[in-house]
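Below is one structure, written out as structure tokens; comments come after it.
The values are calculated or read from the model by the stated rules, or taken from the named source; none is laboratory data. Not measured: the values here are computed from a predicted model. Methodologically, a virtual Cβ is constructed for each residue, glycine included, from the backbone with ideal geometry; neighbour enumeration extends over all protein chains shown. Protein only, heavy atoms only, side chains kept; ligands, DNA and RNA dropped before computing areas. Shrake-Rupley method; radii C 1.70, N 1.55, O 1.52, S 1.80 Å.
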Amino acid sequence: MSEPWDLSLSAAAAAIAAGRLAPVELLESTLDRIAQVEPRVQAWARIQIEDARREAERLTRLQRSGTILGPLHGIPIGVKDIFNTAGVETACGSRIMAGFVPAADATAVARLRAAGAIILGKTHTTEFASFDPSPARNPWALTHTPGGSSSGSGAALAARMCQGALGSQTSGSIIRPAAFCGVVGLKPTFGRVSRHGVHPLAWTLDHPGPMARTVRDAGLLFDAIAGPDPHDPATLSAPAPPAYAALLAEAGADDRPALRVGVPDRYFTDGLDDEAQEFYQAALRALEALGCEVRDIRLPDEFETGMDAHELIHNAEAAAVHVDTFRVRPGDYGSRLRAIIETGLQIPAPTYVRAQQVRTIVIRRLRDLLEDVDMIATPAAPGPAPEGLASTGSPVFNRPFSFTGFPSLTVPCGFTGAGLPVGLQLAGRPFDEGTVLRAAAVYEDATAWGQRQPPL
């Protein structure tokens, strides 16, 4: 058997359920891996070693007595440091929140614990999940960004320092770091996963979601955290999610999805670098070979106006979140978030309302488009992770699906000549994460790009 830290979430969970691996063995192996690579990667804001050991011992006793709490029993998970964790500091990558220790877990964290997960620690986030970078580095090339804002979650997964992680996306903060780090990220439909206990950046754009090493792992995490929550009214109209883990368990190389895949006529290739373009085209050919019908589609005429509206909504809502603190402690904000807040404070209310009206139109047009195709395939980013740690890269290709709230996922689709991963983004209809997950799982099995490890 591989070293326990190298097991995927699905493989580790199966080994624990079968009694072949104890939670304490998995945790200690993971802690050894962290000791080996974390000084270089810097993915973690804080690691709760003793708390994790106590929980692993408790879960091992339960396992030996024949009790498995759930599908994540004994699995070490990293939590982005904007999710509240009871009794553990949640600093949001900021000086302003430093020292804040919440009394209760965010709903998503509580649901992970109920499924048997071990909360290993808090992964680095950019400041308040915005654009000021965290200390995290890309495990594939330590001088390159891991992306943001879920930078530590992507880096910890790629470096094999946990089996799963929580991230969040307001523009591109799940998909971009997952693509840059060569892992899988799922941004669910808006309202599918509770935002309760997650520090907001922009209320109507924020999406908590899972990040993992494989599509099946993401499905297991998604099963655990999705569903209505009375503490978050946006979730109450969401249909109960099916068991995606069971659905994905059936997806194999011979399970060819007869799906219609749309290739947008514009926007998603603007600024795309040559290597990323080659991998995107190769991914489309692979989807065809797997039985998909790949066809060209025309994006709505209002699409680009919608992207301008996203920026207005993002800036206005971020300013509203921070206005009181900003007036008292402006110097404690990073330069990028400070600029967003200052811009947002200048946006008139009628302009914000008009942006939301544009959003409604784009959502309607995109829904209509997704009557003709089952999902949309695009590059996950304009290229691989940029060199340098002063920026987290561009979210431009992810923003449309945060704006509309439609589900999107990235899966590795190649590696550049310099050894950096590139991602394929798949987006689907609202509350139809199943189609996107299933197609991604079949593509993942057929191409095996996600099996590579960074050279740490």
message = Report, to one decimal in Å, the Kirkwood hydrodynamic radius for the stretch 363-417 based on all distinct Cα pairs.
response = 13.3
Overall Cα dimensions of the stretch 104-147, principal axis frame, Å, largest first = 38, 23, 12
request  = For the stretch 24-139, go through all pairs of different Cα atoms, get the mean of 1/r, take its inverse, and jot down that Kirkwood value in Å.
outcome  = 14.8
request  = Starting from the Cα-Cα distance between Ala240 and Asp296, subtract it from 0.36 nm times their residue separation and give me the gain in nm to one decimal.
outcome  = 16.9 nm
task = Quick one: compute a quarter of the convex hull surface over the Cα atoms of the stretch 1-82 and quote it in nm².
result = 5.6
inquiry  = Under the 0.36 nm per residue contour assumption, what length would be gained going from the current alpha-carbon distance of Thr204 and Leu142 to full extension?
reply    = 18.9 nm
message = Cα atoms only: what Rg and Dmax, in Å, come out for the stretch 312-456?
response = 19.0, 54
Calculated FRET value between Thr360 and Glu278, using beta carbons and R₀ = 60 Å, to 0.05 = 0.95
query = Which number do you get for Rg(Cα) / (2.2 N^0.38 Å) in the stretch 17-62?
reply = 1.28
request  = Would you work out what percent of the accessible area of the stretch 352-456, with all protein chains in place, is carbon or sulfur (probe 1.4 Å)?
outcome  = 49
key: Expected-Rg normalisation [2.2 N^0.38 Å, Cα atoms] applied to the stretch 411-456   = 1.33
request  = Translational diffusion coefficient, Stokes-Einstein: compute it for the stretch 92-190 using the Kirkwood radius over C-alpha pairs as Rh, at 25 °C and 0.890 mPa s, and state it as an integer in µm² s⁻¹.
outcome  = 176
message = With N set to the number of residues, divide the alpha-carbon radius of gyration of the stretch 39-87 by 2.2 N^0.38 Å and report two decimals.
response = 1.37
query = Accessible area per residue, 1.4 Å probe, Å², for the stretch 71-194: what's the number?
reply = 17
task = Rounded to whole Å and sorted largest first, list the principal axis extents of the Cα atoms in the stretch 264-355.
result = 58, 29, 21
request  = For a quick protection proxy, order the peptides 290-296, 323-329 by their average other-Cβ count within 10 Å, most packed first.
outcome  = 290-296, 323-329
note = dims of the stretch 190-292, Cα set, principal axes, largest to smallest, nearest Å -> 44, 36, 24
Percent of beta bridges antiparallel (DSSP, the chain, rounded to nearest 5) = 65
ask   = Could you give the radius of gyration (one decimal) and Dmax (whole number) of the Cα atoms in the stretch 301-373, in Å?
value = 15.3, 51
remark   = Summing -39500 (n - 2.57) over every DSSP H run of at least 4 residues in the chain and dividing by its residue count gives a helix-only mean residue ellipticity at 222 nm, to the nearest 500 deg cm²/dmol, of -12500 deg cm²/dmol
note = Computed over the stretch 9-53, protein heavy atoms only, probe 1.4 angstrom, the accessible area per residue in square angstrom equals 41
ask   = What accessible surface, in Å², does a 1.4 Å probe find on Thr30, ignoring ligands, DNA and RNA and rounding to the nearest 10?
value = 0
query = Using the beta-carbon distance between Asp432 and Ala103 and R0 = 45 Å, what value does 1/(1 + (r/R0)^6) give for FRET efficiency, to the nearest 0.05?
reply = 0.80
query = Hey, can you list the DSSP H helices of the chain whose Cα span along the axis is 20 Å or longer and whose average Kyte-Doolittle score is at least -0.5?
reply = 23-41, 274-289, 303-328, 349-372, 433-447
remark   = Over all directions, the chain yields a Cα convex hull whose mean projected area in nm² is 19.7
